[in-house]
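Structure first, then comments.
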Ligand code: KMH
Ligand code: ZN
């Protein structure tokens, strides 16, 4: 099969925080701006080229506060060369208007989840009209989306979105398969292969497996010419019975595996080229 764009190397995204883990349960979770910037620098040093950002308020709870999002984007730009991707998924309780407002913080990239999914005991709601609105606003603002795929039917929705509303900013389609969420697709090789059959022609993909599916998904994605997302948003155990020390530990492992696969980490500038992110 033809190589996917950028598949000579590996885009490693770090998702350091997420919205689901409580700081009280996971004390090494980066939640303040200082902690986030310091994590970002450590992860960049060991091979990350993009960061998927959820922020927390002073109470350590998830927030979509616009001022704090803007401060986060500028601090990450000042202190790192990473491609800055803000989550528009937020937490399952965030209203649509707050999720749309995230784009006003002016990130390089933002996530765009392609459908509603059961999410553990919760529902992660992504109505069609909301997805279309997010896609159009990103086109208008020149923000490059990463289409988050939690289940296979969401790839059909992605094709429908592109057919009806055109290519995203940057002209390139990049998807992230988020596998192993209870309620979504499982994190295994067979499912990843099925997802690849449904991904739009010419698109690149990364994959992450939550919890114990982290390692099988990493191997499957690397062998299929895909890219990787790792981080404490998705995984807080490093091995059976061993907690993750920090995000850089996960990025370093991903970089090592990518090198073994002869697909070494891409630099942030190489990733900008692949994804169509403007400086
Ligand atoms: N926190 C989840 C409900 C995204 O960042 O776009 C959604 C999520 C996806 O993490
Ligand atoms: Zn996220």
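Every number here is computed from the coordinates shown, using simple stated rules; none is lab data. Since the model is a prediction, treat every value here as computed from it, not as a measurement. Don't worry about glycine lacking a Cβ; one is built from the backbone with ideal geometry, like all the others, and counts go over all protein chains shown.
So, in nm, how far is label residue 128 from label residue 141 when the simple model puts each one 7 Å beyond its Cα toward the Cβ?
2.5 nm
Per 0.36 nm of contour for each residue apart, how much would the distance between residue 156 and residue 21 grow if the chain were fully extended, relative to their Cα-Cα spacing? Working shown, then result.
Details: separation 135, 0.36 × 135 = 48.60 nm, distance 3.03 nm.
Net length gain for the segment: 45.6 nm.
How much of the DSSP beta bridge set in the range 1-90 is antiparallel, as a percent to the nearest 5?
25 percent
Rank 168, 200, 268 by mean-square fluctuation in a GNM of the chain with C-alpha springs under 10 angstrom and give only the top-ranked residue.
Per the Cα network of the chain with a 10 Å cutoff, 200 tops the list.
Tell me, what does the Kirkwood hydrodynamic radius of the range 57-122 come to in angstroms if you use every pair of distinct C-alpha atoms?
Evaluated over the range 57-122, this radius sits at 12.9 Å.
Where is the GNM fluctuation largest for the chain (alpha-carbon springs, 10 angstrom cutoff): 256, 89, 202?
Fluctuation is largest for 202.
In which sequence would 112, 43 go, from the one with the fewest C-beta neighbours within 10 Å to the one with the most? Working shown, then result.
Values: 112 24, 43 30.
With the fewest neighbours first, 112, 43 line up as 112, 43.
Which whole-number percentage describes the relative contact order of the range 181-279, with Cα contacts under 8 Å and a sequence gap of 6 or more?
On the way: 93 pairs, mean separation 19.0, N = 99.
Dividing the mean separation by the residue count of the range 181-279 yields 19 percent.
Can you work out the PRE-style zone for residue 164? Point 7 Å along Cα to Cβ, and I want the residues of the range 120-155 with backbone N under 15 Å.
Output list for this probe position: 126-137, 154-155.
Which shape class applies to the range 191-279: rounded if a/c is under 1.5, otherwise prolate when a/b exceeds b/c and oblate if not, where a ≥ b ≥ c are the square roots of the Cα gyration tensor eigenvalues?
oblate
With a/c under 1.5 counting as rounded, go ahead and sort the range 23-105 into rounded, prolate or oblate using the C-alpha gyration tensor (a ≥ b ≥ c being the square roots of the eigenvalues; past the cut-off, prolate if a/b is larger than b/c, else oblate).
oblate
Any chance you could check the Cα centroid distance between the range 23-37 and the range 77-141 for me, in angstrom?
21 Å
Which residue, 249, 139, 164, tops the fluctuation ranking in a GNM of the chain built on C-alpha contacts under 10 Å?
164
Using only the Cα atoms, what convex hull volume per residue in Å³ does the chain have?
So the per-residue Cα hull volume is 113 Å³.
Taking the inverse of the average 1/r across all pairs of different Cα atoms in the range 1-154, what Kirkwood radius in Å do you get?
So the Kirkwood estimate lands at 16.2 Å.
Order these by the 10 Å Cβ neighbour count, fewest first: 269, 42.
The fewest-first ordering by Cβ neighbours comes to 269, 42.
Relative contact order of the range 88-243: what whole-number percent is it, with Cα pairs under 8 angstrom and at least 6 residues apart?
17 percent
Can you give the relative contact order of the range 12-275 as a percent, counting alpha carbon pairs under 8 Å and 6+ residues apart?
Relative contact order comes out at 21 percent.
Could you give the length gained on full extension between residue 245 and residue 223, defined as 0.36 nm per residue of separation minus the Cα-Cα distance, in nm? Before the final figure, lay out each step's value.
Working: separation 22, 0.36 × 22 = 7.92 nm, distance 2.67 nm.
Answer, rounded to one decimal: 5.3 nm.
For 127, 279, 272, which order do you get if you count the other beta carbons within 10 Å of each Cβ and list the fewest first?
279, 127, 272
Taking 0.36 nm per residue of sequence separation and subtracting the Cα-Cα distance, how much length would be gained by fully extending the chain between residue 68 and residue 45, in nm to one decimal?
Extending this stretch completely gives an extra 5.8 nm.
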